[in-house]
Amino acid sequence: MTAGYCAWHQGMADDVALIVVHEQGSGAGGGAYACLPCARPLVDQWSTSADAVEAIAAPEKRAAAAAALEARHA
């Protein structure tokens, strides 16, 4: 799990993934991170980005595992 800042809802999140890479001709580029609830619609919107789909695969697996664990203990 990677806690960090979600650039879309502009707040901290428990789990974020790199969704957009900003490249520059010279100098350092940057990136924009999104939490899973914000990332899902972005990936649907940008269906040409295989990297974005891969980026949210790990947080989706962690969310599914957490939900299954919670259901077992309920």
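The numbers here are math on the coordinates, done by the rules we state, and not lab data. None of the values given here were measured: they were computed from a predicted structure. Note that each Cβ is placed from the backbone with ideal geometry, even for glycine, and that neighbours are counted across all protein chains shown.
A search for C-beta distances below 6 Å between a residue of the stretch 8-23 that is touching a residue at least 40 places away in the same chain (Cβ under 8 Å) and surrounded by 13 or more Cβ atoms within 10 Å (Cβ to Cβ) and any residue that is in a strand (DSSP E or B) and not aliphatic (A, V, I, L, M), counting only pairs 6+ apart in sequence or on different chains, returns Val16/Gly4; Val16/Cys6; Val16/Tyr33; Val16/Cys35. If a residue has to be surrounded by 11 or more Cβ atoms within 10 Å (Cβ to Cβ), over 21 Å from Ala3 (Cα atoms) and of a type outside the set (S, T, N, Q) to count, how many in the stretch 24-72 make the cut? Going through the stretch 24-72 one residue at a time, the tally reaches 1.
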